[in-house]
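See below for the structure under consideration.
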Amino acid sequence: MHTQAKKAWKQPQLEVLD
Amino acid sequence: MISVEKLSLSDRVKACDQNIVSDMGGEKVMLSIQNGNYYNLGSIGGRIWEVIGNFATVAEVVDLLLEEYDVDRTECEQQVLDFLDHMRKEGLVLVDGEAASADQA
C-alpha cells in the first residue's frame, strides 16, 4: 500500500519584517 | 502588543481577518492592516495559518500537522503553542471567547 511520505518539520517562526 | 496568558491545547483560535496574505516561494507573507507590519510566516507557519482560517483548537491544529509532517507530538505541540502565542501577541489571531482586538481600541 502506498502511503504519502511526511514532509520534513521545521519549527514555525513568526518573522517580523523590517 | 497584547499581553495575555499563554495558550493551551484546548484553546480555540482563528486567523484574524484584518490581514493581507500572499504566497511567496512556498512561504506565506502577511501584511497586518491593523498595525501596518509585514510578517513572514514561513512554510509551516503558513500551513498553520490555513488551518485556522476557521476556529480550531490548538490540539486539532497539532493533530493535522502530525499527519503531514515528520515530527514528535510533544515537540510539535510546544512549537505550535509558541508560534500561536507570538501571533496572538501581535494581534494576528483571535482566541474564542476573547473580544476581537480591533474592538478593544
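The values are calculated or read from the model by the stated rules, or taken from the named source; none is laboratory data. Predicted model, so just to flag it, every value in this text is computed and none were measured. Cβ: placed from backbone, ideal geometry, glycine included. Neighbour counts: every protein chain shown.
Details
- Selection count, segment B:8-18, where residues are modelled with pLDDT under 90 and surrounded by 15 or more Cβ atoms within 10 Å (Cβ to Cβ): 2
- Segment B:11-61, residues that are farther than 24 Å from B:Val71 by Cα, in contact (Cβ under 8 Å) with a residue 24 or more places away in the chain and within 9 Å of chain A (Cβ to nearest Cβ): B:Asn37, B:Tyr39
- If you filter segment B:62-94 down to residues that are more than 9 Å from the chain's Cα centre (by Cα) and among the basic types (Lys, Arg), you find that the one that is farthest from the other protein chains (Cβ to nearest Cβ) is B:Arg73.
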